[in-house]
1. Would you call Val190 β-branched (Val, Ile, Thr), outside the structural domain of Gly103 (by TED's automatic domain parsing), within 19 Å of Gly161 (Cβ to Cβ) and free of Cβ contacts under 8 Å to residues at least 40 places away in the same chain?
2. When residues of the range 291-349 are filtered for being assigned to a loop (DSSP other than H, G, I, E, B) and over 15 Å from Glu259 (Cβ atoms), how many remain?
3. Could you list all residues from the range 152-167 that are under 11 Å from Tyr202 (Cα atoms) and either over 23 Å from the mean Cα position of the chain (by Cα) or not assigned by TED's automatic domain parsing to the domain that holds Val212 (or both)?
4. In the set Arg37, Arg7, which member is in a helix (DSSP H, G or I) and at pLDDT 95 or above?
5. Tell me which strands (runs of 3 or more DSSP E) are completely within the range 204-290 and hold 3 or more residues being among the hydrophobic types (A, V, I, L, M, F, W, C), or say none if there are none.
6. With over 22 Å from the mean Cα position of the chain (by Cα) and under 14 Å from Ile265 (Cα atoms) as the only criterion, which of Thr303, Thr278 stands out?
7. Among the residues of the range 164-203 satisfying the criterion of being assigned to a helix (DSSP H, G or I) and of a type in the set (A, V, I, L, M), which is nearest to Arg147 (Cα to Cα)?
8. Those residues that are surrounded by 18 or more Cβ atoms within 10 Å (Cβ to Cβ) and within 28 Å of Ser207 (Cα to Cα), I need them from the range 235-245; list them, please.
Amino acid sequence: MYVIKQRQICSWMVLAACTALLALLPSMSWGGETLARVRSRGVVRCGVSEELIGFSAKDKNGRWAGLEVDFCRAVAAAVLGNSEKVTFVPLSAAARFPALLSGDIDLLLCATTWTLGRESLLRVNFAGTLYYDGQAFIVPAKSKVRRISDLKGATICVVKGTTHVEGLSDYFGQRGIRYKPLVLEHLSEVKEAFLAGRCQAYTSDKSDLASVRAGVAEGKKRLLILPDVISKEPLGPVVKRGDEEWFTIVRWVLFALIEAEELGITKDNVRAPRNATTNPNAARFLGAGSRFGKALGISPDWTMLVIQSGGNYGEIFERNIGRQSALQIDRGINGLWTKGGLMYAPPFR
């Protein structure tokens, strides 16, 4: 009887201690080594794709634009209070992880697929999925190729250091289809080889292929993206393992973009007082900055700063790769969960 009571007392003490700790969390500041370096330097260094229209490319004025670029700016807004305090480092697929692991960049995007092998062997962490994609193929429209099976014996271009090399081998090997891979290190080399006719097809993420087509005069007439998709390619922001505080910040910046779209909070209305009065979830979202900002080591109005930097996820998507862009990609599975998509943010509470 005494032992039982003693155990009960211990349980109650543990519960009381946990409750007290939870109450203290909003007032505690953590930060992290990466955040400290970023603040000392005054910029966030983001590794992005090499001239990939819609994701990371310079516009006619020499300004970086794209889905990856806007996400990097959102992170800079959260941690530095200014979305322009960024340095964009274009990287080949083969060079992207060495750049992250060596500390040359703070955050990696670069159309990078989330896999078990990369997280376990390279010791990196994916903060979430910024864009759900899949491996596909593009061919000259004038060719007779209409399905992957028509590529028997073809030379197929693919970028070195991507999941597409293995995906190509797996798909064709499993079906006994002969092919010749032309593996090149840089995206620009692969595009050049494909457009010059050195390969009969080019395989990559479907969004990459849409970007290539958008960069070619009369691309929709000249180039055909085959309907077959042979893999899952969840693309997301990556950080080096070992700094949980930085990982948490990057992850919740992504969630903030998604949550804001669901709540109807946009770049134009994020500061409007009505958000805090007509929708309790919107008020909670906007208040999450002041409630948890100090614990994250960032500004108390970080949620507002993130949305002000370039809008919510839907705004960023449509502007860069959606119907307002040259790529004309449908939302599909990248739509909100409330509209049949996979985009979903945990509660801001």
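1. yes
2. Going through the range 291-349 one residue at a time, the tally reaches 17.
3. Ala154, Thr155, Ile156, Cys157
4. Every option except Arg37 fails the conditions.
5. Strands (runs of 3 or more DSSP E) meeting the threshold: 223-225.
6. So the residue among Thr303, Thr278 that is over 22 Å from the mean Cα position of the chain (by Cα) and under 14 Å from Ile265 (Cα atoms) is Thr278.
7. Top of the filtered list is Leu168.
8. Leu235, Gly236, Pro237, Val238, Val239, Lys240
The values are calculated or read from the model by the stated rules, or taken from the named source; none is laboratory data. From a predicted model like this one, the values you see are computed outputs, not experimental measurements. In this analysis, Cβ positions are derived from the backbone assuming ideal geometry, glycine residues included, and neighbour counts consider all displayed protein chains.
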